[in-house]
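Report on one structure; see the data block that follows.
The values are calculated or read from the model by the stated rules, or taken from the named source; none is laboratory data. The structure displayed is predicted, hence computed values, not measured ones. Cβ placement follows ideal geometry from the backbone for every residue including glycine, while neighbour counts extend to all protein chains displayed.
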Amino acid sequence: MRRKLVVGNWKMNGRIAQNQALIEAVVGGVRESRNADYVLCVPYPYLGQAQSLLKDTNVTWGAQNLCANESVALTGAVSAYMLADYGCSYVIVGHSERRMQFHETDDTAATRFNAAEKAGLTPIFCMGESKEERESDWTEYVVGRQLDSIIRRFGAEVLEKAVLAYEPLWAVGTDVAATPEQAQKVHSFIRDRVAKCDAKIAKNVRILYGGSLNPANAAALFAMPDIDGGLVGRCSLDAKSFVAICKAASQ
Ligand code: PEP
């Protein structure tokens, strides 16, 4: 039985002064919801604040990206070991905003995925098709290619310690979430593709849905057999909404 997981992705939001109230409200809201796991992925500068407020709670924390290199002359980059120093358990890899706005590729996402695992972090590997790709019936081709960028290079066994996230680009930040049936179809495709390489890993790997998740649609999405929780953008900035999504996962 896979345990559900809800990950908040704050993106480039937050200020020291407001983070504390948000984090404390989330911690208080999910304290008794013990049947799922919760993570907050905050901007790099707030990892120390997240660490001090979340340690000894049932909410863990992580980052939104990393650099694949270790200690080298790379201005502005942050390595997996630096994230580990701040007690991060998770790191998002290959988010569509990074792929589109920072020109990250399947290849560089796969390299960062591997660097995260080597440092003991759990990568949350994002995949998803654009609106045009869906309309051209390319969803499985695109998602399969993104998944294969990891499996071909490192083997399916690296998914044993990873989380996968299906985030259709047309649903991220748009208020148009995938229907439970649309999402389930792709999640089942992803799990079947992993199963072709390793049935046990496919059975255990958590596949999150992301894209306009909110308190009103979370329960129906989480009821699908291959949806193991959510990656939440905007609603993770509002404690009441985020806690409601976490509670839907903990049912
Ligand atoms: C995201 O960016 O990962 C995301 C799912 O955003 P939103 O929930 O705001 O659509």
>> Return the residues of segment 3-19 that are surrounded by 13 or more Cβ atoms within 10 Å (Cβ to Cβ) and either assigned to a strand (DSSP E or B) or more than 16 Å from the ligand (Cβ to nearest atom) (or both); say none if nothing qualifies.
In response: 4, 5, 6, 7, 8, 9, 19
> Of all residues in segment 150-179 being hydroxyl-bearing (Ser, Thr, Tyr) and within 18 Å of residue 227 (Cβ to Cβ), which is nearest to the ligand (Cβ to nearest atom)?
Replying inline: 166
> So how many residues does segment 197-251 have that are basic (Lys, Arg), under 16 Å from the mean Cα position of the chain (by Cα) and away from the ligand (no atom under 14 Å from the Cβ)?
Replying inline: 1
>> Conditions first: (1) touching a residue at least 12 places away in the same chain (Cβ under 8 Å); (2) within 22 Å of residue 8 (Cβ to Cβ); (3) over 17 Å from the mean Cα position of the chain (by Cα). Residue 118 passes all but one, so which condition is the exception?
In response: (2)
>> Tell me whether segment 125-145 contains one or more residues that are surrounded by 15 or more Cβ atoms within 10 Å (Cβ to Cβ), basic (Lys, Arg) and either over 21 Å from residue 234 (Cβ atoms) or within 15 Å of the ligand (Cβ to nearest atom) (or both).
In response: yes
>> Return the residues of segment 84-104 that are over 16 Å from the mean Cα position of the chain (by Cα) and of a type outside the set (Gly, Ala, Ser); say none if nothing qualifies.
In response: 85, 86, 100, 101, 102, 103, 104
> What residue, among those in segment 192-215 that are of a type in the set (A, V, I, L, M, F, W, C) and closer than 20 Å to residue 35 by Cα, is surrounded by the fewest Cβ atoms within 10 Å (Cβ to Cβ)?
Replying inline: 205
>> Checking the conditions here, which among 85, 106 is more than 24 Å from residue 6 (Cα to Cα), away from the ligand (no atom under 16 Å from the Cβ), out of contact with any strand residue (DSSP E or B) (no Cβ under 8 Å at 6 or more places or on another chain) and not hydrophobic (A, V, I, L, M, F, W, C)?
In response: 106
> Of the residues 249, 220, 216, which single one is part of a loop (DSSP other than H, G, I, E, B) and at pLDDT 95 or above?
Replying inline: 216
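Which of the following residues is modelled with pLDDT of 95 or more and at positive phi: 144, 230, 155? Talk me through it step by step, then tell me what you get.
Numbers: 144 fails: at positive phi; 230 fails: at positive phi.
Unique residue meeting the criteria: 155.
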>> I'd like the residue in segment 180-191 that is buried (at least 17 other Cβ atoms within 10 Å of the Cβ) and under 19 Å from residue 1 (Cβ atoms) and, out of all such residues, is farthest from the ligand (Cβ to nearest atom).
In response: 191
